[in-house]
Structures are given as structure tokens and as C-alpha cells.
Amino acid sequence: MTSTETTAVGSTTGDLPTITHWIDGTEHPSRSGRTAPVFNPALGVATARVALADQSEIDAAIASAQRGFEVWGQYSIAKRQAVLFAFRELLNARKGELAAIITAEHGKVLSDAMGEILRGQEVVELATGFPHLIKGAYSENASTGIDVYSLKQPLGVVGIISPFNFPAMVPMWFFPIAIAAGNAVVLKPSEKDPSAALWLAKLWQEAGLPDGVFTVLQGDKLAVDGLLNSPVVQSISFVGSTPIAQYIYETASKNGKRVQALGGAKNHMLVLPDADLDLVADQAVNAGYGAAGERCMAVSVVLAVDGPLPAGSDAARSDGAAVPRGTVADELIAKITERIGALRIGNGAGDAAGEPDMGPLITGEHRDKVSGYVDIAEADGADIVVDGRGFTVEGHEDGFFFGPTLLDKVPTTSRAYTEEIFGPVLSVVRVQTFQEGLDLINSGRFGNGTAIFTNDGGAARRFQSEVQVGMIGINVPIPVPVAYHSFGGWKASLFGDAKAYGVHGFDFFTREKAITSRWLDPATRHHTDNRGIDLGFPQNT
């Protein structure tokens, strides 16, 4: 399949195909008259248009999901599990198709697109074991002749609003668990790369999922608000920027919905003087520039500790307060700069020379926004060690490329430090002590991910205990938990009732009933001992 072919999902309008909704088990032509362009970021040209739903299409999508839930919710556990396994096998067999679609619309390199699918597939595999995770509990004879037990039941229709940076993985954080638990899903993908959602919908149908259980609603803020305000939609799952996450949380909560809203980040890597700087440099480049920095778990700040380790640590006892070599920040910057020079930037789909290391940003507008942050850093006094502004790729001069950028001595008062850039910009901030680095991380408004690089177990243990962040890596730069743990940050990086996937996910997509039951013994049920009026509060006596 060529890049153009992978986006050609749906009917055509004019010279470009129109990517539309998936309602009632089929592509649903839009009549709203509103569309938005979908670009191939490496080429910088529109390859399709995506329909933007009006209120009638929003209502049709939600009504379809409600009908689907009424069918799916009655499926036995065994039948639901069979559909989950079938979806898993189909996805595994055809994941290359999905990777090509992602690369064509997002721009990330094919291997990275494949990587996001595999991480999403972990949640599908977790969901296939759902019978164990939605079991209730039973307590016999909690009081004399009385049993107490609980049931977990699906919510009904649930909404998922997903971002552009992971058009397959982020929806898969939510919908496999929601569907396994018996719910019906309305997915509103990003209008910037909407085709992956349609591909997944068709795969679910092939796996045997009843019509309506997986619905795709294409659109913009009107579609988002339609899900937030619908009395039929019982919960909202969202990943995106912090301002929108807060809006989603406040609006959905006001309407009585469950919410898991994952927001933005400013992830730090704390590097202690005893760390292996070659390992640190490798991991900083991987975590800072992978997927062109368009990851909520990307490392965007390297805190280089040029002074002593924490008092009492093994390394500090062995070599005192002295840094055992030259300035850590200077050495690290030299190593990162050398590695940046070896990176190949180009069309994520590859060319005659093979696959590049990094592709373009999602849109020209976003590229200009990232460039603006580098301008801010420079104006605030930062040193531009490697400048990615104005970067072009031969033969793709119209593509939305931005080169890997390395900044040094970034003031912590600069917006380039305090705000999420969401691009291939890595900032180095020099600190003198472990405590100074820890305090900088904890003083930030975000708390998504962080990492420490050290060979000192005592320092690492103290870091994991005291840092105010939801996901922590120890010599691991992007600590995204595996599927049987849960994903989510602290502070302005998470709003709502639960983290994504893991046990949190199953708790979020089910609600519990507690039942207290008494069945009278046939031998005594006619005796008056079990009868009578008692207006007192029920007690276990």
C-alpha cells in the first residue's frame, strides 16, 4: 500500500477521499457539509478530508451505541471473550496495515507506529482475561442466615476522545477493557489522523462484534461536547493537553459522568554524577526525539547534577563530595550533540536508504508553535546548542519537519521550561545537588513521568519515595507501565476518577451492586421467631 492509499478510507468529495463515521456497522456518509483536511505531514499536502459531525450525526452515533449495548450487554462472558480473542488475532496478523495508516497521517516512522500498536495490543491481551477481573465477591452467613455478595456490571455507552499522537495505542488503552466489560464505545478520534479508528472498527466487525458496540464519530469540539452533554453517555476517557483535560473533567463531571482525563506533561530526567553518561545520552536522545517529541511521556528536561550526591549515599561515601570527572552537564551535552549528528530525519515511510530515525511534526501550525518555544528560550538567555529551526528534508521541502534541538542553561522561569512543547526539543538545566533537582521537579505543575539515572540504589529509592510524579523510571527514560499496571500521572497531568488500563480500567468501566440476601430455612420459615417489627437500624448481631 502506498501512503496515499492508506488514507483513502470512505467516500470521495471533489478530488480527495472523505473519511467519515462508522455507525451501525457501516461507513456512514456525512451530511453536515463540514470537513477538515487530513495531511501527509512528510509531504505537507492534504491527502483526504475528514467529516466533522453535526448534532444529528452525534445523536445517530450515540443511539447506535445504545442499541449495540442492549445486545452486547446480554452476551455471555464466554461469547464476549471469544470476540476479544478473535480481535487480538486479527490485529496481530494485520498490524502492518495499521502501522502504514498511522505513518501516512501522523508522520512517525513505521517502526514507531508498529511500536505503539504493540503497546496497545498489550491491553487487548489483558482484556482477554477479563472474566477474572469482573468477578464479584460472596460472603456466606455474614449475619445469621444472611448472605452478602457483589456484582460488577457494565456502565452502558462510554465515550473515548483520543489525541493525534497515538491514534491506535491511546484508544486501545480504553476500548478493549470497556468492550470486555460489556459496554458499547463511541470513539471520537483526532481529526488530524482519523483513519486508524475506522480501520479498527472494521476489524472489530470482522472479529464478530455486534453492530453499534464500536462506533466512530469523526468531528471537532461539537462532537466532543455532544458526548460530554449526552445523558446516554455514562463515562468519558480522554488523553490530551491539560487545558482540554480540565475542560473535559469539569464538563463531564457536572453532567454526572465518570471521567478519566489524562493531561499534559513536562517530564524530567535527573542525572546524578555517578551515572553512566553514555547510557544517559542514548536514552535522552531516544526519549527526547522519538516520535519527534510528540509523546506525553517524552523527556523534555535533563537535570544534570554537577555537585555532590545525597548525603549518606554509597557513591558519596566512596568519593566524598567531589564530582568524579568534569562537569556532568558539559560531558552530557557533548555526548548528546554527537548522537544528534548521527540521526537521520525524513519521511517516516522510508525511502531507498531505509527508514529514518525521526519523521515530521503533525502539522505546519504545530511546527511553528514548537519553533516559537525555541525563540522564547533564546530570548530568555538559553544557549542553543543544536538548532532545529528551519530544518528541511531534501525532496520533502513542504513537509512539516523540525530538527532535533538541544538547549542548555534554560532559565526555569522561561515558558520554554514551564510549558509543554510537544516537539523534539531537549533542555538541559544545571543543578548542584540531588535535592535541588528533586525540588525543581516537585515544584512543577505537571506530574506525569520522570526518571532518575544513577548507580546508587539509596538515591534511587529516596527519589521514588519523594518525587511527586505518577510514573517513575529508574535508569528507564520512558516509564510507561505494562498493561496489568495502570497509566496516569499526578497534579495537572490527571483529572478524574481513575488511571488508564490495568485494574483501574476494569473498575472504571464497571459499577458494583452489593446484594444482601436472606432465604428462610424451609424447616423454620413458618415459625414466628423470624417475624416481627423492628424499627431499629439493621445490625449484624
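Select from the chain the helices, each a whole stretch of DSSP H, whose alpha-carbon atoms run 24 Å or more along the helix axis and whose Kyte-Doolittle mean is at least -1.0; answer none if there are none.
55-72, 77-106, 110-128
Taking the mean number of other Cβ atoms within 10 Å as a proxy for protection, how do you rank 285-291, 245-251, 204-210 from highest to lowest?
285-291, 245-251, 204-210
For every other residue with a beta carbon closer than 9 angstrom to the beta carbon of VAL410, add +1 if it is Lys or Arg and -1 if Asp or Glu, then tell me the sum.
Once positives and negatives cancel, what remains is -2.
Which one of GLY256, ALA178, PHE166 is farthest out on the positive end of the charge dipole of the chain, using unit charges on Cβ (Lys, Arg +1; Asp, Glu -1) and the Cα centre as origin?
GLY256
Give me the Kirkwood hydrodynamic radius of segment 134-176, using the inverse of the mean 1/r over all pairs of distinct Cα atoms, in Å to one decimal.
Across segment 134-176, the inverse of the average 1/r is 13.9 Å.
Taking all pairs of different Cα atoms in segment 120-257, averaging 1/r and flipping that mean, what Kirkwood radius in angstroms comes out? Spell out each step's value before the answer.
On the way: mean 1/r = 0.0614 Å⁻¹.
For segment 120-257, inverting the mean 1/r across all distinct Cα pairs yields 16.3 Å.
Normalise the Cα radius of gyration of segment 43-196 by 2.2 N^0.38 Å (N = residues in it) and let me know the number.
Ratio of Rg to 2.2 N^0.38 Å for segment 43-196: 1.27.
Taking the Cα centre of the chain as origin, sum charge times position over the Cβ atoms of Lys and Arg (+1) and Asp and Glu (-1), and report the length of that vector in debye to the nearest 20. Please report the intermediate quantities before stating the final value.
Working: 43 positive and 61 negative charges, 361 e Å.
The calculated dipole for the chain is roughly 1740 debye.
Grab the Cα-Cα distance for THR524 and SER111, subtract it from 0.36 nm times how many residues apart they are, and report the gain in nm with one decimal.
141.6 nm is the gain from fully extending THR524 to SER111.
No solvent, one uniform scatterer per C-alpha: report log10 I(q)/I(0) for segment 72-128 via the Debye equation at q = 0.13, 0.15, 0.20, 0.25 1/Å, two decimals.
So the normalised log intensities are -0.40, -0.50, -0.73, -0.92.
Please report the carbon-and-sulfur percent of the accessible area for segment 403-536; probe 1.4 Å, protein heavy atoms only, DNA, RNA and ligands left out.
Details: 3350 of 6640 Å².
Summing carbon and sulfur atoms, their accessible area is 51 percent of the total for segment 403-536.
When ligands, DNA and RNA are left out and all protein chains stay put, how many square angstrom of accessible area per residue does the chain have with a 1.4 Å probe?
Numbers: 21990 Å² over 541 residues.
Here the per-residue accessible area is 41 Å².
Just need log10 I(q)/I(0) for segment 353-419 at q = 0.15, 0.19 Å⁻¹, Debye formula, equal scatterers on the alpha-carbon atoms, no solvent, rounded to two decimals.
Summing over Cα pairs of segment 353-419 leads to -0.52, -0.76.
Once you have the Cα-Cα distance between ASP220 and SER443, take 0.36 nm times their residue separation minus that, and quote the gain in nm to one decimal.
Here the segment from ASP220 to SER443 would lengthen by 76.9 nm.
Counting Lys +1, Arg +1, Asp -1, Glu -1, what net charge surrounds SER235 among other residues with beta carbon under 11 Å of its beta carbon? Spell out each step's value before the answer.
On the way: positive: LYS257, ARG258, ARG511; negative: ASP497.
Spelling it out: positives minus negatives among the neighbours equals +2.
Of all alpha-carbon pairs in segment 389-541, indicate the percentage at a distance above 28 angstrom.
Details: 5961 of 11628 pairs.
Cα-Cα pairs in segment 389-541 separated by more than 28 Å: 51 percent.
Given the alpha-carbon gyration tensor of segment 182-222, what are the semi-axes of its equivalent ellipsoid in whole angstrom, ordered largest first, with each equal to the square root of 5 times an eigenvalue?
Result for segment 182-222: semi-axes of 20, 12, 6 Å.
Starting from the Cα-Cα distance between GLU397 and GLU436, subtract it from 0.36 nm times their residue separation and give me the gain in nm to one decimal.
Value of the extension gain: 9.7 nm.
In the chain, what is the volume of the convex hull around the alpha carbon atoms, normalised per residue and reported in Å³?
That works out to 182 Å³ per residue.
How large is the charge dipole for segment 395-474, taken about the Cα centre, if only the Cβ atoms of Lys, Arg (+1) and Asp, Glu (-1) carry charge, to the nearest 20 debye?
300
Please work out the ratio of the alpha-carbon Rg of segment 207-284 to 2.2 N^0.38 Å and round it to two decimals.
Against the empirical 2.2 N^0.38 Å value, I get 1.70 for segment 207-284.
Ignoring solvent entirely, what values of log10 I(q)/I(0) come out of the Debye formula for segment 452-541 at 0.19, 0.22 Å⁻¹ when each Cα is a single scatterer?
Results for segment 452-541 at q = 0.19, 0.22 Å⁻¹ read -1.01, -1.16.
Restricting to DSSP H runs of at least four residues, report the calculated mean residue ellipticity at 222 nm for the chain, -39500 (n - 2.57) per run over all residues, nearest 500 deg cm²/dmol.
One gets -11500 deg cm²/dmol as the mean residue ellipticity at 222 nm.
For the charge dipole of the chain, defined by +1 on Lys and Arg C-beta atoms and -1 on Asp and Glu C-beta atoms about the Cα centroid, which residue among THR412, PHE495, TYR149 has the Cα displaced farthest towards the positive pole?
Farthest along the dipole direction, towards plus: TYR149.
Evaluate the charge dipole of segment 125-236 about its Cα centre and quote only its size in Debye, nearest 20, assuming +1 on the Cβ of each Lys and Arg and -1 on the Cβ of each Asp and Glu. Each step should come with its number before you reach the end.
Working: 6 positive and 9 negative charges, 20 e Å.
Here segment 125-236 has a charge dipole of around 100 debye.
The values are calculated or read from the model by the stated rules, or taken from the named source; none is laboratory data. The shown structure was predicted, so the numbers you read here are calculated from the model rather than taken from an experiment. In this analysis, Cβ positions are derived from the backbone assuming ideal geometry, glycine residues included, and neighbour counts consider all displayed protein chains. Note: accessible area is taken over every heavy atom of the protein model, side chains too, but ligands, DNA and RNA are not part of it. Shrake-Rupley method; radii C 1.70, N 1.55, O 1.52, S 1.80 Å.
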